[in-house]
Amino acid sequence: MKIAQLPFEKTGFFSKIMVDYLAQKESIQPFYHHFPNIEGFQKQLKEKETSFAQSTRTLLSESLQKQYEGFDISEKTQEHIEILKLPNTYTVATGHQLNLFTGPLYFLYKIFSTINLAEQLSQEFPDKNIVPVYWMATEDHDFEEINYFHFQGKKVKWHRDEGGAVGRFTTTGLSEVFKEFSNHLGNSKNALKLKNLFSEGYLQQQNLADATRYVANELFKEYGLVILDGDDLSLKQLFAPIVKEELTHQTSFKAVSETILKLEKSYKIQVNPREINLFYLNKGSRERIIFKDGSYKINHTELRFTKEEILNEVDQNPLAFSPNVIMRPLYQEVVLPNLCYIGGGGEIAYWLELKAYFEHVGVPFPILLLRNSVQIVSTKQQQKLDALQVTHEELFLEQQELISKKVIENTEIEANFEAKMKFLKNQFSELKQIAEKTDRSFIGAVSAQEKKQLNGLKNLQKRFLKAEKRRQKDWVDRIVELQNQLLPNQSLEERQRNFSEYYLAYGPEFLKVLKTSLQPLDSRFTLIEL
């Protein structure tokens, strides 16, 4: 195993807001609290220890015990759940959708970033207990985003018709998915382990939340990962006062809208708030709550509530109220003694819209950490990169740019068009100086001729490149094939592939490699040669 790193911006796959955040640019500083370094965590600990009630700790631990009933819980996870009651215990958390069989690879990177950060902080602060938490997004309702995964270029998909919170979906119909997946896997030792994991998770559990808990628990329980389902009566009761404030004052909309006005001057906005950022959960549905004509309407239904009725509904039926993308982060921070949220670039971007909202409701804003990102490169692929003289940084260039660069480097013909263009510009610069001394009207003619000559040279360069690509076809094809292998669909493989591809090849050792390799506070992109 060999490990290499690149700055995130060198991959070309990370937004300006993330690059600026990692660089702590002045333009982004007003939108986050403490930066993810040891000094930042020292400050965060001091703030959180005075803002989290003992009663909440007890309730959280008891809720988790109930959620884990019937699951094979490890000693380490059990210990973590117990010590959440202690005043010197804190969490670092990540969240993720209930993607079928974990979905894209980056699910694993999120979790291992969280586990490794918890361990690192426990060493840095030996008088504190730091627990890694995975918050399952059980209340999401976009089934089309989670009902498939890719395996060796094939899309394995779960077909069903059901609405509402996905965590409540029954696992009916997944036997057909299992059959299809099994046909792709073969019968190797690692294939049998994957089949067993899928079967025990999705065919033996009653709903998607339990299935996801089973799979994640089996993969990470030895590291003490705590898996939390927010669709929980006791936890929703804890959040009820903020739900009522949202319904009566539209607090999040006002605070987040003000932040967006400032943030959008420099950055693209990730999400926009609704006037009420809550859904109403009912059997088979999760619909927006809309305040209109003096009453609260549940979108796409006949349900309506007066103010008094809906506040009473919060008390009597708290599970019916589900926070959307704007309010879910606050729900998490109310429930957890949390120091840090670990997420992908898109997630961190919308968290950056929320600081003022947190301040308004008096909840400490967590540290935000961009999760580890990884490119797996086999030893054979690395040998090919070396033979083609493609560096790790060049691997992430757009394909045509990469091909042009390598073709020019590989040509035996002396044709430095960039130098020729520079020489031409210098010649026309001298002509412009002469024109200014003689007849200023002559400058326009000189500029027009310069443009014509440069365009001609650029066209010649394109024709030369086209000819060289034909002449070096074998070289070009090898580069294209290798880049397509490593970056499927010209995207990061972590967004395309499922972990099962690498587990099939390397077995449990693949998970151990990730655990060993990922350094969450090292803000660089990681390449792992296996």
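Every read-out reported here was derived from the displayed coordinates using simple, explicitly stated rules and does not represent laboratory data. If you're wondering where the values come from, they're calculated on a predicted model, not measured in any experiment. Cβ placement follows ideal geometry from the backbone for every residue including glycine, while neighbour counts extend to all protein chains displayed.
Just a few scattered comments:
- With the simple model of a label 7 Å out from the Cα in the direction of the Cβ, H360 to K66 spans 3.1 nm.
- Computed label-point distance, nm, for sites S74 and Q399 using a 7 Å Cα→Cβ extension: 4.0
- Distant-in-sequence amide H partners of T89 (H built 1.01 Å from N, under 5 Å): N129
- Convex hull volume per residue in cubic angstrom - Cα atoms of the chain: 200
- Spatial offset of segment 128-167 relative to segment 224-273 amounts to 21 Å, using the alpha carbon center of each.
- Cα-based equivalent ellipsoid, segment 17-86: semi-axes from gyration tensor eigenvalues, Å: 34, 16, 11
- Here is how the number arises for the chain: DSSP H runs of 4 or more residues each give -39500 (n - 2.57), the sum is divided by the residue count, and the result at 222 nm is -15500 deg cm²/dmol.
- Kirkwood Rh in Å, taken over segment 98-176 so that all alpha-carbon pairs contribute: 14.9
- Size descriptor for segment 241-298, Kirkwood hydrodynamic radius: 12.8 Å (Cα pairs only, one decimal).
- For segment 214-222, backbone phi angles converted through the Karplus equation (6.51, -1.76, 1.60; θ = phi - 60°) give residue-by-residue couplings of 4, 5, 5, 5, 5, 6, 10, 5, 5 Hz, Gly and Pro being listed as x.
- On Cα atoms only, tilt of 508-517 relative to the major axis of the chain in degrees: 70
- Angle in degrees between helix 251-263 and the longest Cα principal axis of the chain, rounded to the nearest 10: 10
- C-alpha long axis of helix 189-198 to longest principal axis of the chain, angle in °: 50
- Taking the chain and dividing mean pair separation by its residue count, relative contact order in percent (alpha carbons under 8 Å, at least six apart): 24
- Relative contact order for segment 1-132, counting Cα pairs under 8 Å that sit 6 or more residues apart, in percent: 19
- Förster radius 41 Å - calculated FRET efficiency between I83 and S188 (Cβ-Cβ, nearest 0.05): 0.55
- When the convex hull of its Cα atoms is projected in every direction, mean area for segment 197-253 (nm²): 5.8
- Using a simple spin-label model with pseudo-atoms 7 Å out from Cα toward Cβ, T172 and K155 lie 2.5 nm apart.
- Gain in span if fully extended, F291 to E39, counting 0.36 nm per residue against the direct Cα distance: 86.3 nm
- About its Cα centre, segment 141-232 has a charge dipole of approximately 600 debye under the convention of +1 per Lys or Arg Cβ and -1 per Asp or Glu Cβ, with nothing else charged.
- Scaled against 2.2 N^0.38 Å for its residue count N, the alpha carbon radius of gyration of segment 261-403 is 1.56.
- Leading residue at positive end of dipole, the chain (Cβ point charges), from L487, A118, N282: L487
- At R0 = 60 Å, FRET efficiency that the Cβ-Cβ distance of E218 and D474 yields, to 0.05: 0.85
- Taking the Cα centre of the chain as reference, the dipole from Cβ charges on Lys and Arg (+1) and Asp and Glu (-1) amounts to some 2060 debye.
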